[in-house]
Amino acid sequence: KNQVEQSPQSLIILEGKNCTLQCNYTVSPFSNLRWYKQDTGRGPVSLTIMTFSENTKSNGRYTATLDADTKQSSLHITASQLSDSASYICVVRIYNFNKFYFGSGTKLNVKP
Amino acid sequence: GAGVSQSPSNKVTEKGKDVELRCDPISGHTALYWYRQRLGQGLEFLIYFQGNSAPDKSGLPSDRFSAERTGESVSTLTIQRTQQEDSAVYLCASSLAGGAGTDTQYFGPGTRLTVL
């Protein structure tokens with residue numbers, strides 16, 4: 001069964017600290033993996049997209065990693081800011097088919 | 001427009017009524033997606049359009065749900081005889097092209113549907 005699981009479900013950190021969010025997937029055949037940020041009451045916004053051959057990709061203070069062998073990805077946020085408070089969603093796309101599987105998200109709360 | 005727009009932003013309806021939700025994708029985007037997000041849960045795929053055709057309707061939860069797209073632009077998601085379990089945020093996204101590439105999906109702000 002194609003699934004995407006994220007951990008932790010929620011996380012509270014202090015402003016300025018770093019954090020890492022995890023994503024494990026069983027989706028096959030794999031095409032690419034995306035991380036989205038979803039602010040409360042808004043649609044998700046794309047942060048990174050990684051294909052099978054990419055191990056790491058950065059977007060400002062966000063760095064995503066991918067291990068396609070173990071089917072794991074992580075999203076590392078450096079020097080967190082209050083505006084990073086949001087849900088972070090891991091999404092995996094099936095190869096050669098326009099279908100996406102979404103994780104339930106990690107809800108991050110950055111406190112001053 | 002600058003982004004994907006959806007209307008209405010909020011819809012409250014009575015059980016048994018029909019509702020129509022509208023999505024205006026980014027101009028020129030050939031792929032359009034509908035998702036449902038229940039409170040506190042992840043996004044659930046409903047249907048995907050490539051142009052005006054829907055090659056994948058596998059996510060539609062029942063025959064009360066239908067969608068169409070015209071002019072390779074606006075799309076309407078219709079829910080007939082609404083039930084309380086239909087209450088959710090309905091999100092629309094578009095991308096430049098479908099296929100199996102790395103094109104980015106751009107999401108609208110969603111329509112929050114509440115069925116009383």
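The values are calculated or read from the model by the stated rules, or taken from the named source; none is laboratory data. Please read all numbers here as calculations on a predicted model, not as lab measurements. Quick reminder, even Gly has a Cβ in these numbers, built from the backbone with ideal geometry, and neighbours come from all protein chains shown.
Computed quantities for the displayed model
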quantity: Residues satisfying the stated conditions in segment B:1-42, i.e. more than 19 Å from residue A:44 (Cα to Cα), assigned to a strand (DSSP E or B) and touching a residue at least 60 places away in the same chain (Cβ under 8 Å); calculated: B:11, B:12, B:13, B:19
quantity: Any chance residue B:59 is part of a loop (DSSP other than H, G, I, E, B), surrounded by fewer than 20 Cβ atoms within 10 Å (Cβ to Cβ), at pLDDT below 95 and within 12 Å of chain A (Cβ to nearest Cβ); calculated: yes
quantity: Whichever residue in segment A:41-99 is buried (at least 17 other Cβ atoms within 10 Å of the Cβ) and of a type in the set (Phe, Trp, Tyr) and, among such residues, is nearest to residue B:91 (Cα to Cα); calculated: A:88
quantity: Residue list for segment A:37-53, restricted to those being touching a Leu at 6+ places or on another chain (Cβ under 7 Å) and at the interface with another protein chain (Cβ under 10 Å from one of its Cβ atoms); calculated: A:43, A:50
quantity: Test set (1) away from chain A (no Cβ under 11 Å); (2) part of a strand (DSSP E or B) - residue B:45 fails condition number; calculated: (1)
quantity: Test: residue B:64 is farther than 22 Å from residue A:43 by Cα, without any contact (Cβ under 8 Å) to a residue 24 or more places away in the chain, of a type in the set (Lys, Arg) and out of contact with any Phe, Trp or Tyr (no Cβ under 6 Å at 6 or more places or on another chain); calculated: yes
quantity: Elements of type strands (runs of 3 or more DSSP E) in segment A:56-112, at least 2 residues being within 14 Å of chain B (Cβ to nearest Cβ); calculated: A:56-59, A:62-67, A:86-94, A:100-102, A:106-111
quantity: Sole residue being modelled with pLDDT of 95 or more and on the phi < 0 side of the Ramachandran plot, chosen from A:31, A:53, A:7, A:46; calculated: A:7
quantity: Residues within segment B:31-42 that are at pLDDT 90 or above, of a type outside the set (Ser, Thr, Tyr) and more than 18 Å from residue B:101 (Cα to Cα), tallied; calculated: 4
quantity: Residue list for segment B:62-116, restricted to those being in a loop (DSSP other than H, G, I, E, B) and at the interface with chain A (Cβ under 9 Å from one of its Cβ atoms); calculated: B:98, B:99, B:100, B:101, B:102, B:103, B:104, B:105, B:108, B:109, B:110
quantity: Hits in segment A:1-23 - residues which are within 11 Å of residue A:111 (Cβ to Cβ) and among the small types (Gly, Ala, Ser); calculated: A:16
